[in-house]
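A short worksheet on the structure shown next.
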Amino acid sequence: MKAMKIWAHRGCSQRYPENTLLAFERAAEIKGLEGIELDIQLTKDGHLVVCHDERVDRTTDGIGEVRQHNLAELKKLRIDAGNGKYERIPTMEEVLDLLGDRLKSGLRLNIELKNSVFPYGGMEEKIVDLIHRRNLEKQIVYSTFYAMSLQKMRKLAPDAELGILD
(Lines give C-alpha, C1' and ligand atoms only; values in the text may rest on other atoms or scores of the structure.)
Protein backbone atom coordinates (compact mmCIF):
# COMPACT_ATOMS: atom_id res chain seq x y z
CA MET A 1 0.00 0.00 0.00
CA LYS A 2 1.27 3.47 -0.89
CA ALA A 3 1.65 6.04 1.85
CA MET A 4 -0.72 9.00 1.84
CA LYS A 5 0.88 12.23 0.63
CA ILE A 6 0.13 15.37 2.61
CA TRP A 7 -0.03 18.76 0.91
CA ALA A 8 -0.52 22.06 2.71
CA HIS A 9 -3.30 23.96 0.92
CA ARG A 10 -2.36 27.67 0.71
CA GLY A 11 0.29 26.87 3.30
CA CYS A 12 -0.68 25.96 6.83
CA SER A 13 -3.92 27.87 6.22
CA GLN A 14 -6.02 26.40 9.03
CA ARG A 15 -3.79 28.05 11.61
CA TYR A 16 -2.19 31.00 9.79
CA PRO A 17 -3.35 33.48 7.14
CA GLU A 18 -3.52 31.67 3.80
CA ASN A 19 -0.92 32.21 1.10
CA THR A 20 1.42 34.18 3.38
CA LEU A 21 5.07 33.64 4.14
CA LEU A 22 4.07 32.74 7.71
CA ALA A 23 1.68 30.03 6.46
CA PHE A 24 4.34 28.64 4.11
CA GLU A 25 7.05 28.66 6.74
CA ARG A 26 4.85 26.84 9.26
CA ALA A 27 3.70 24.33 6.64
CA ALA A 28 7.31 23.53 5.68
CA GLU A 29 7.93 22.58 9.33
CA ILE A 30 5.33 19.79 9.20
CA LYS A 31 7.07 16.44 9.37
CA GLY A 32 6.38 14.21 6.38
CA LEU A 33 4.87 16.99 4.25
CA GLU A 34 4.99 16.24 0.51
CA GLY A 35 4.38 19.78 -0.65
CA ILE A 36 2.69 23.14 -0.45
CA GLU A 37 -0.02 24.49 -2.76
CA LEU A 38 -0.30 28.19 -3.54
CA ASP A 39 -2.01 30.49 -6.02
CA ILE A 40 -0.41 33.07 -8.31
CA GLN A 41 -1.72 36.12 -10.12
CA LEU A 42 -0.18 39.08 -11.92
CA THR A 43 -0.13 42.65 -10.65
CA LYS A 44 -0.95 45.64 -12.83
CA ASP A 45 2.80 46.11 -13.37
CA GLY A 46 3.47 42.45 -14.20
CA HIS A 47 4.76 40.95 -10.93
CA LEU A 48 3.85 37.42 -9.84
CA VAL A 49 2.12 37.59 -6.46
CA VAL A 50 0.64 34.87 -4.29
CA CYS A 51 -3.06 35.43 -3.64
CA HIS A 52 -6.01 33.07 -3.99
CA ASP A 53 -8.92 35.39 -4.70
CA GLU A 54 -9.03 37.65 -7.73
CA ARG A 55 -10.02 40.41 -5.28
CA VAL A 56 -8.05 41.41 -2.19
CA ASP A 57 -11.15 42.26 -0.13
CA ARG A 58 -11.52 38.94 1.77
CA THR A 59 -7.92 38.46 2.87
CA THR A 60 -6.55 41.99 3.24
CA ASP A 61 -7.60 45.43 4.42
CA GLY A 62 -7.75 46.56 0.78
CA ILE A 63 -10.38 46.64 -1.93
CA GLY A 64 -10.32 45.68 -5.59
CA GLU A 65 -8.86 43.16 -7.96
CA VAL A 66 -5.23 42.06 -7.72
CA ARG A 67 -4.74 43.01 -11.37
CA GLN A 68 -5.87 46.60 -10.66
CA HIS A 69 -2.98 47.20 -8.24
CA ASN A 70 0.74 47.54 -8.83
CA LEU A 71 3.15 45.69 -6.57
CA ALA A 72 3.89 48.71 -4.37
CA GLU A 73 0.18 49.19 -3.70
CA LEU A 74 -0.35 45.51 -2.87
CA LYS A 75 2.64 45.54 -0.51
CA LYS A 76 0.92 48.23 1.57
CA LEU A 77 -2.09 46.01 2.24
CA ARG A 78 -2.23 44.17 5.54
CA ILE A 79 -3.32 40.61 6.22
CA ASP A 80 -4.41 40.11 9.83
CA ALA A 81 -2.26 37.44 11.49
CA GLY A 82 -3.77 37.93 14.96
CA ASN A 83 -2.39 39.49 18.12
CA GLY A 84 -1.81 42.81 16.38
CA LYS A 85 0.54 41.26 13.79
CA TYR A 86 0.19 41.51 10.05
CA GLU A 87 1.45 39.71 6.97
CA ARG A 88 1.72 41.05 3.42
CA ILE A 89 0.87 39.58 0.03
CA PRO A 90 4.09 37.82 -0.98
CA THR A 91 5.72 37.78 -4.38
CA MET A 92 6.58 34.44 -5.91
CA GLU A 93 10.25 35.37 -5.55
CA GLU A 94 9.81 35.85 -1.79
CA VAL A 95 8.19 32.43 -1.48
CA LEU A 96 11.03 30.80 -3.39
CA ASP A 97 13.58 32.65 -1.26
CA LEU A 98 11.86 31.32 1.86
CA LEU A 99 11.40 27.73 0.68
CA GLY A 100 14.40 27.38 -1.64
CA ASP A 101 16.53 25.11 0.54
CA ARG A 102 13.55 22.96 1.48
CA LEU A 103 12.55 22.63 -2.16
CA LYS A 104 16.06 21.53 -3.06
CA SER A 105 15.80 18.96 -0.24
CA GLY A 106 12.64 17.37 -1.64
CA LEU A 107 9.68 19.56 -0.69
CA ARG A 108 7.37 20.12 -3.67
CA LEU A 109 5.30 23.12 -4.70
CA ASN A 110 1.94 23.08 -6.50
CA ILE A 111 1.62 26.44 -8.23
CA GLU A 112 -1.98 27.13 -9.22
CA LEU A 113 -2.22 29.66 -12.01
CA LYS A 114 -5.28 31.76 -11.14
CA ASN A 115 -6.05 32.69 -14.72
CA SER A 116 -9.48 31.19 -15.38
CA VAL A 117 -11.44 34.33 -14.39
CA PHE A 118 -8.93 36.83 -15.80
CA PRO A 119 -6.53 35.41 -18.39
CA TYR A 120 -3.23 37.05 -17.42
CA GLY A 121 -1.12 37.46 -20.55
CA GLY A 122 2.44 36.30 -19.98
CA MET A 123 1.81 34.56 -16.66
CA GLU A 124 2.96 31.17 -17.93
CA GLU A 125 6.19 32.55 -19.38
CA LYS A 126 6.99 34.46 -16.20
CA ILE A 127 6.54 31.51 -13.84
CA VAL A 128 8.35 29.02 -16.08
CA ASP A 129 11.26 31.45 -16.44
CA LEU A 130 11.43 32.09 -12.68
CA ILE A 131 11.36 28.38 -11.84
CA HIS A 132 13.97 27.65 -14.51
CA ARG A 133 16.30 30.39 -13.22
CA ARG A 134 16.07 28.81 -9.76
CA ASN A 135 16.62 25.31 -11.18
CA LEU A 136 13.51 24.00 -9.41
CA GLU A 137 11.65 22.36 -12.29
CA LYS A 138 11.53 18.90 -10.69
CA GLN A 139 9.98 20.23 -7.48
CA ILE A 140 7.05 21.97 -9.19
CA VAL A 141 3.54 20.96 -10.23
CA TYR A 142 1.56 23.54 -12.20
CA SER A 143 -2.22 23.47 -11.98
CA THR A 144 -5.13 25.57 -13.22
CA PHE A 145 -8.82 25.48 -14.07
CA TYR A 146 -7.96 26.96 -17.50
CA ALA A 147 -7.04 24.16 -19.94
CA MET A 148 -5.59 26.56 -22.53
CA SER A 149 -3.03 27.63 -19.96
CA LEU A 150 -1.87 24.04 -19.53
CA GLN A 151 -1.48 23.70 -23.29
CA LYS A 152 0.74 26.76 -23.22
CA MET A 153 2.67 25.38 -20.24
CA ARG A 154 3.29 22.11 -22.10
CA LYS A 155 4.93 24.07 -24.94
CA LEU A 156 7.00 26.21 -22.57
CA ALA A 157 8.03 23.38 -20.24
CA PRO A 158 7.55 20.01 -21.98
CA ASP A 159 8.68 17.99 -18.96
CA ALA A 160 6.65 19.92 -16.36
CA GLU A 161 4.14 18.09 -14.19
CA LEU A 162 0.73 19.56 -14.94
CA GLY A 163 -2.72 19.20 -13.38
CA ILE A 164 -6.12 20.36 -14.57
CA LEU A 165 -8.54 21.44 -11.85
CA ASP A 166 -12.26 20.88 -12.12
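May I ask you to derive the relative contact order of segment 1-100, considering only C-alpha pairs under 8 Å and at least 6 residues apart, and to give it as an integer percent? Let's see the in-between values first.
Working: 185 pairs, mean separation 25.0, N = 100.
The value is 25 percent.
Any chance you could count the Lys pairs in segment 81-166 whose alpha carbons are under 22 Å apart, treating pairs 8 or more apart or on different chains as valid?
Counting lysine pairs in segment 81-166 gives 11.
Quick one: accessible area per residue over segment 69-163, 1.4 Å probe, rounded to a whole number of Å²? Show your work: numbers first, answer last.
Working: 5110 Å² over 95 residues.
Heavy-atom SASA per residue in segment 69-163 reads 54 Å².
Report the accessible area of ILE6, computed with a 1.4 Å probe over the heavy atoms of all protein chains in place, in Å² rounded to the nearest 10.
Near enough 80 Å² of accessible area.
Once you have the Cα-Cα distance between LEU165 and ARG58, take 0.36 nm times their residue separation minus that, and quote the gain in nm to one decimal. Mind dumping the intermediate values first?
On the way: separation 107, 0.36 × 107 = 38.52 nm, distance 2.24 nm.
Gain in length upon complete extension: 36.3 nm.
Which percent of the accessible area of the chain is formed by carbon and sulfur heavy atoms (probe 1.4 angstrom)?
The computed percentage sits at 49.
Given a 1.4 Å probe and the protein chains all in place, what does the accessible area of VAL141 round to, in Å² to the nearest 10?
Its heavy atoms expose roughly 20 Å² to the probe.
Which residue fluctuates the most in the chain, going by a Gaussian network model with Cα springs under 10 Å, if the choices are ASP101, ASP39, ASP80?
In this elastic network of the chain, the residue with the biggest mean-square fluctuation among ASP101, ASP39, ASP80 is ASP101.
Mind running the shape call on segment 69-166? Use the C-alpha gyration tensor, a ≥ b ≥ c as the square roots of the eigenvalues: rounded below 1.5 for a/c, prolate if a/b tops b/c, oblate otherwise.
Oblate, because a/c is 1.5 or more while a/b does not exceed b/c.
Taking 7 Å along the Cα-to-C-beta vector as the label spot, tell me the ARG154-ASP80 distance in nanometres, rounded to one decimal.
Placing both labels 7 Å beyond Cα along the Cβ direction yields 4.5 nm.
Which length gain, in nm to one decimal place, applies between LEU98 and VAL117 when the Cα-Cα distance is subtracted from 0.36 nm times their residue separation? List each step's numbers first, then the result.
On the way: separation 19, 0.36 × 19 = 6.84 nm, distance 2.86 nm.
Answer, rounded to one decimal: 4.0 nm.
Counting only helical runs of four or more DSSP H residues, what would the 222 nm mean residue ellipticity of the chain come to if each run contributes -39,500 (n - 2.57) and the total is spread over all its residues? Numbers along the way, then the final one.
On the way: 5 runs with 48 residues, N = 166.
Only helices count here, giving -8500 deg cm²/dmol.
Using only the alpha carbons of the chain, determine the length spanned along each of the three principal axes and report them from longest to shortest in whole angstroms.
Taking the Cα atoms of the chain, the three principal extents are 44, 37, 30 Å.
Need the full-extension length gain, GLU73 to GLU29, defined as separation in residues times 0.36 nm minus the C-alpha distance. One decimal, nm.
Numbers: separation 44, 0.36 × 44 = 15.84 nm, distance 3.06 nm.
Contour length minus the Cα-Cα distance gives 12.8 nm.
Quick one: net charge around GLU37, please, counting Lys, Arg +1 and Asp, Glu -1 for every other residue with C-beta under 11 Å from its C-beta. Working shown, then result.
Working: positive: ARG10, ARG108; negative: GLU18, GLU34, ASP39, GLU112.
That sum, taken over residues with Cβ under 11 Å, equals -2.
Mark the label point 7 Å from the Cα of GLU125 along Cα→Cβ and return the residues of segment 67-82 whose backbone N is within less than 20 Å of it.
67, 71
Between segment 35-112 and segment 1-32, what is the separation of their alpha carbon centroids in Å?
Comparing the Cα centres of segment 35-112 and segment 1-32, I get a distance of 15 Å.
The values are calculated or read from the model by the stated rules, or taken from the named source; none is laboratory data. What you see is a predicted model; the values in this text were computed from it and never measured. All Cβ positions, glycine included, derive from the backbone under ideal geometry; neighbour counts span all protein chains shown. Quick note on the areas: whole protein, heavy atoms, side chains included, nothing else; ligands and nucleic acids left out. Shrake-Rupley method; radii C 1.70, N 1.55, O 1.52, S 1.80 Å.
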